[in-house]
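What follows is one structure encoded as structure tokens, with my remarks underneath.
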């Protein structure tokens, strides 16, 4: 299990559920809670869709981590290792990240982010990238506080395909 600074552990021990979460890979039995968290994030997702995504994130270069107690999933972080043509080495990409609204500010996100960074480091990624919607101001502040910097603009074009 990932070792954490004492300050993070103490924050988590004071959460309202009085349960210290630990980080594991997501399992099929987590799908209902993952679907719930995706809805909180603003992306309603059926359980069958969430199960399909879970299967995708079980493939090489993908990882879906959850913060959990014995039975409750408090949050997740979805990871992908990718290669780019213009840079040498791998890039770690956080493709989705959510902590239950009731657990925010208690250190759960910091646990997940530290586990993601450790995973990318072990897999020799040269940097970590994450995209955050321009309207998620609190999320931008969170990433800046955790050592991330705003470096690029992200452009999107919606295609008619589903």
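Working carefully through the options 43, 148, 57, find the one that is under 21 Å from residue 29 (Cα atoms), in contact with a strand residue (DSSP E or B) (Cβ under 9 Å, 6 or more places away or on another chain) and surrounded by fewer than 19 Cβ atoms within 10 Å (Cβ to Cβ). Working first, answer last.
Values: 148 fails: under 21 Å from residue 29 (Cα atoms); 57 fails: surrounded by fewer than 19 Cβ atoms within 10 Å (Cβ to Cβ).
Going through 43, 148, 57 in turn, the sole match is 43.
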Which one is surrounded by the most Cβ atoms within 10 Å (Cβ to Cβ), of the residues in the stretch 71-95 that are free of Cβ contacts under 8 Å to residues at least 24 places away in the same chain and not in a strand (DSSP E or B)? 84
Quick one: in the stretch 136-160, which of the residues that are assigned to a helix (DSSP H, G or I) and without any contact (Cβ under 8 Å) to a residue 12 or more places away in the chain is farthest from residue 109 (Cα to Cα)? 137
Inside the stretch 38-70, can you point out the residues that are assigned to a helix (DSSP H, G or I) and farther than 18 Å from residue 130 by Cα? 39, 40, 47, 48, 49, 50, 51, 52, 53, 54, 55, 56
Check residue 121 against each of (1) outside any loop (DSSP other than H, G, I, E, B); (2) more than 28 Å from residue 49 (Cα to Cα); (3) in contact with a helix residue (DSSP H, G or I) (Cβ under 9 Å, 6 or more places away or on another chain) and name the one condition it does not meet. (3)
Those residues of the stretch 52-83 which are over 13 Å from the mean Cα position of the chain (by Cα) and closer than 12 Å to residue 119 by Cβ amount to 61, 81
Within the stretch 96-112, residues being out of contact with any strand residue (DSSP E or B) (no Cβ under 7 Å at 6 or more places or on another chain) and in a helix (DSSP H, G or I) number 3
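Computed from the coordinates by the stated procedures, all read-outs in this text should not be read as laboratory data. From a predicted model like this one, the values you see are computed outputs, not experimental measurements. Neighbour counts run over all protein chains shown; Cβ positions are idealised from the backbone, glycine included.
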